[in-house]
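Asks: Quick one: the structure is below, questions incoming.
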Amino acid sequence: MRDINLTTLKNGLRIVSDRMETVETVSVGVWVNVGTRDERFEVNGISHLLEHMAFKGTRKRNAYAIASEIEAVGGHLNAYTSRENTAYYAKVLKENLPLAVEIIGDILQYSLMDKKELERERAVILQEIHQTNDTPDDIIFDHFQGTAFPDQPMGQPILGRSEVIQKLDSAHLLSYMGDHYSTPNLVLTAAGRLDHLELVQIAESVFTSIPTRSVLKRGKANYKGGDFHERRNLEQVHLVMGVKGLSYRDEDFYSASILSTLLGGGMSSRLFQEVREKRGLAYAISSFLSCYTDAGIFGIYAGTGPKEVPSLVQLVLEEFDKVKNQVTSEEIERARAQLKANLLMGLESTTSRCEQLAQHMLIFGSPISTKEIIEKVNAVDETGVIRVAERLFKGTPTVASIGPTSDNTMFEPIANRLKN
């Protein structure tokens with residue numbers, strides 16, 4: 001039984017904690033309900049740039065002090081940006097919780113966005129973009145996302161585009177922060193050896209300058225699909241093919257999770273067995289379910305030789321057809337066990353618990369108990385998996401590839417197959 005508590009401060013900041021008696025550490029962080037999908041095209045990458053710049057100096061601390069103070073007590077501080085949120089979090093020994101909350105509060109309320117620091121960090125992010133572009137099994141997912149959601153913020157790269165990053169200045173960052181970093185858009189979560197009332201008191205004393213105004217309304221995501229192919233002098237073709245998915249809030253979410261797992265979620269999955277083990281058509285093949293608050297996408301990734309692409313695509317489409325007609329109770333039990341094990345293993349980590357609380361708050365508005373999640377996973381049956389397969393594996397596909405062939409002949413056969 002988890003000891004989860006929720007308090008909302010007078011300024012609107014929500015605080016959620018998960019007490020763990022068996023650890024000596026605490027993970028704590030602030031999750032902001034803003035990400036790449038909230039960026040206008042002319043500022044694409046600003047969420048990620050802002051995440052970097054928050055660590056580059058405040059009125060009270062310079063960049064070195066931010067890093068050294070947390071590391072002086074053996075803790076660590078980190079952040080990340082996704083399509084729908086931005087996170088700033090720390091892990092420390094339990095007695096250093098006040099310091100961790102104070103540093104996070106400092107960078108979220110009093111960051112200077114110094115111009116010299118911005119120029120240095122701009123160069124770092126440009127290198128990060130170049131590195132990702134040089135890594136085909138990374139950049140292919142950006143192309144896949146952009147093809148699935150074209151001409152809209154949901155399809156933009158999280159790192160941003162080089163030409164945009166070069167133009168962003170301190171005024172852009174401070175304006176964007178002012179528009180989105182307000183209490184209705186924030187949640188502070190913590191997990192570990194802590195006292196909830198103490199955490200609330202610390203937060204009340206720290207978060208005194210966060211704006212409380214309402215936030216800008218998020219635009220709706222619109223899946224369209226299509227194809228993208230880039231010819232590169234590589235040994236392999238990196239291929240992602242997918243279809244319109246579903247949101248976290250969809251009633252079929254857990255059935256879709258089981259479907260993705262049994263299709264390509266491990267060495268015993270259908271695709272791994274058929275494509276790699278039986279035929280040797282690919283070294284890597286896996287499925288993924290990317291869900292958002294109002295949309296989603298289901299995809300298959302494979303790295304294979306150019307000659308093997310047609311056979312691999314044909315096999316994937318055959319498995320799409322097969323799973324719409326039959327799944328076994330054994331497959332469902334195995335996929336169910338994988339999902340539950342991943343969930344329960346994650347509960348052994350204070351950071352995983354902290355993030356889980358934050359995501360539940362941002363998506364559903366309240367924590368969801370582990371018992372409730374397991375009950376929903378257990379409730380998935382063969383009928384539910386077949387139903388969601390029939391629902392997903394139709395309509396306009398999304399196909400993206402990078403490799404030694406500019407094969408733009410794949411899309412039409414896949415699209416025609418999914419019409420049937």
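The values are calculated or read from the model by the stated rules, or taken from the named source; none is laboratory data. Predicted model only: the values in this text are computed from it and were never measured. For neighbour counting, all protein chains shown are included, and Cβ atoms are generated from backbone atoms with ideal geometry for every residue, glycine included.
Asks: Restricting the search to segment 376-409, which residues are part of a loop (DSSP other than H, G, I, E, B), surrounded by fewer than 19 Cβ atoms within 10 Å (Cβ to Cβ) and of a type in the set (A, V, I, L, M, F, W, C)?
Replies: Correct list: 379 only.
Asks: Against the condition on the phi > 0 side of the Ramachandran plot and either crowded, with 21+ Cβ neighbours inside 10 Å or touching a residue at least 24 places away in the same chain (Cβ under 8 Å) (or both), how does residue 365 come out, does it pass? Walk me through how you get there before you give the answer.
Replies: On the way: on the phi > 0 side of the Ramachandran plot: yes; either crowded, with 21+ Cβ neighbours inside 10 Å or touching a residue at least 24 places away in the same chain (Cβ under 8 Å) (or both): no.
In short, no.
Asks: Follow-up question, since we're still on this one. Can you name the residue in segment 47-69 that is surrounded by 21 or more Cβ atoms within 10 Å (Cβ to Cβ) and of a type in the set (A, V, I, L, M, F, W, C) and, of all such residues, is farthest from residue 120 (Cα to Cα)?
Replies: Looking at residues that are surrounded by 21 or more Cβ atoms within 10 Å (Cβ to Cβ) and of a type in the set (A, V, I, L, M, F, W, C), I get 66.
Asks: What is the one condition in (1) within 21 Å of the chain's Cα centre (by Cα); (2) crowded, with 20+ Cβ neighbours inside 10 Å; (3) on the phi < 0 side of the Ramachandran plot that residue 199 does not satisfy?
Replies: Failing condition for residue 199: (1).
Asks: Do any helices (runs of 4 or more DSSP H) entirely within segment 150-244 hold 2 or more residues that are within 22 Å of residue 118 (Cβ to Cβ) and at pLDDT below 95, and if so, which? Full working, then the answer.
Replies: Values: elements: 162-165, 170-180, 196-206.
Because the criterion is at least 2 residues that are within 22 Å of residue 118 (Cβ to Cβ) and at pLDDT below 95, the helices (runs of 4 or more DSSP H) in segment 150-244 that meet it are 170-180.
Asks: Output yes when any residue across segment 295-310 is part of a helix (DSSP H, G or I) and touching a strand residue (DSSP E or B) at 6+ places or on another chain (Cβ under 7 Å), and no when none is.
Replies: Let us first name the residues in segment 295-310 that are part of a helix (DSSP H, G or I), namely 306-310.
Keeping just the survivors that are touching a strand residue (DSSP E or B) at 6+ places or on another chain (Cβ under 7 Å) gives 306, 309.
Yes, some residue in segment 295-310 is part of a helix (DSSP H, G or I) and touching a strand residue (DSSP E or B) at 6+ places or on another chain (Cβ under 7 Å).
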